[in-house]
1. Antiparallel DSSP bridges in the chain: what percent, to the nearest 5?
2. Bin width 10 Å, origin at 0, all Cα-Cα pairs of segment 182-253: what percent of pairs per bin?
3. For segment 250-350, what is the charge dipole size about the Cα centre, in debye to the nearest 20, if Lys and Arg each add +1 at the Cβ and Asp and Glu each add -1 at the Cβ?
4. Using only the Cα atoms of the chain, what do you get for the radius of gyration and for Dmax, in Å?
5. When the distances between all Cα atoms of segment 276-333 are binned every 5 Å from zero, what whole-number percent does each bin get?
6. Divide the volume of the convex hull of the Cα atoms of segment 243-377 by its number of residues and quote the answer in cubic angstrom per residue.
7. Send over a whole-number figure in Å² for the accessible area per residue of segment 226-377, probe 1.4 Å.
8. Using a 1.4 Å probe, what is the accessible area per residue for segment 95-202, in Å²?
Amino acid sequence: MTSPVSQHQIAPARVLRGEAAWAEALPLIAGLCRRPLLLGRSAATAELRQRLASDLRDQGLDPIDGELQFDCCEQDLGRLQAELTAAARAGRAVDAVLAAGGGKVLDAGKLLAQRLDLPCLTVPTSAATCAGWTALANLYSPAGAFEGDVALDRCPELLVFDHGLVRQAPVRTLASGLADAMAKWYEAQVSSGSSGDGLIQQAVQMARVLRDQLLLEGEAALAEPGGEAWVRVAEASGLTAGLIGGLGGARCRTVAAHAVHNGLTQLEATHGRLHGEKVGFGILVQLRLEEQLAGNQLAAQARRQLLGFFRTLGLPVTLADLGLASAPLSDLQAICAFACLPHSDLHHLPFPVTPADLLGALVSADACPTHQRELAA
């Protein structure tokens with residue numbers, strides 16, 4: 001039997017990682033471009049980006065500042081694309097996009113580079129996601145609500161995972177990245193654990209090993225930024241998680257944990273929480289669905305284990321932790337309606353799930369008495 005052709009964008013063309021990765025990358029960057037767009041957003045990283053720009057100028061480059069106003073969204077991307085197109089007509093074209101920041105900045109940089117047919121270079125300033133690695137970008141509204149994802153033609157040309165840059169981020173970002181990375185196992189084993197495709201099998205097993213490492217070393221990593229456990233956990237969250245997605249491809253899928261995240265972003269009250277914090281809560285909800293709808297007692301055991309682990313790391317495990325303690329039932333229903341839209345990754349679960357099913361899991365995973373009474377009524 002002939003196997004169907006499957007295309008995988010597995011990894012960046014080059015990855016530099018380590019304490020002095022940025023310094024080592026500078027000659028490589030000079031070989032890739034002369035006038036890069038240095039893209040960022042957060043005021044918290046403004047000074048850091050000024051230092052990066054100074055280093056680039058020391059290499060003889062002419063970096064152009066690009067500032068995002070929102071998360072990765074069409075409004076920003078369209079504005080920047082128009083500005084860069086006009087600059088090119090005036091003889092000041094940029095020849096690469098260098099995105100430095102968190103996951104949404106990196107996603108915006110990758111998407112902008114693809115639309116302008118330019119090389120993309122990613123410089124994560126935290127280990128909160130694996131966005132610096134992947135050929136994927138998530139789009140959000142200007143208000144911060146998830147709208148959809150875009151598969152990209154290729155991974156970045158260069159990923160610079162500098163430990164010093166990543167270490168300066170709040171410890172909370174690493175806990176968030178850890179939860180996001182752990183979702184690789186809980187989602188892939190449900191959607192793809194029985195796949196006969198060798199690469200997918202290997203990606204799923206890598207996700208299991210990744211989960212085990214994070215369980216073993218997560219607490220130590222957060223306790224000692226820069227220590228040996230920190231290095232392994234940060235690289236696992238920022239790099240290995242991306243490799244697993246690259247190897248597994250589109251058929252090694254996200255499932256309910258990310259779908260719950262996407263639903264949560266529809267409520268403004270959750271916008272102060274990081275991507276991985278919402279995904280981590282989504283893992284707990286997914287395991288509750290597996291327990292309730294498929295009778296999976298191993299899922300119940302896994303959820304109890306994760307509850308204690310997430311609490312130790314300061315990750316949200318209740319709706320109250322996410323800012324939804326007083327949310328009306330209609331808001332929770334809106335989360336579930338969005339997460340259960342026909343195209344949602346939630347439907348990669350091996351059993352059907354309705355918005356009512358998801359609401360039951362959401363509320364029971366939280367165990368909030370008020371929401372429980374409202375649902376029962």
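The values are calculated or read from the model by the stated rules, or taken from the named source; none is laboratory data. Only a predicted model underlies this, so the values are computations on that prediction, with no experimental measurement involved. Please note: Cβ atoms are built from the backbone with ideal geometry, for glycine as well, and neighbour counts cover all protein chains shown. All accessible areas refer to the heavy atoms of the entire protein, side chains included, with ligands and DNA or RNA removed. Shrake-Rupley method; radii C 1.70, N 1.55, O 1.52, S 1.80 Å.
1. 20 percent
2. Calculated over all Cα pairs of segment 182-253, the distribution is 23, 47, 23, 7, 0 percent.
3. Magnitude of the dipole: close to 260 debye.
4. Radius of gyration, then largest Cα-Cα span, for the chain: 20.6, 68 Å.
5. Cα pair-distance distribution for segment 276-333, in percent: 4, 19, 25, 22, 18, 11, 1.
6. Hull volume over Cα atoms, normalised by residue count, gives 116 Å³.
7. Heavy-atom accessible area per residue stands at 39 Å².
8. 29 Å²
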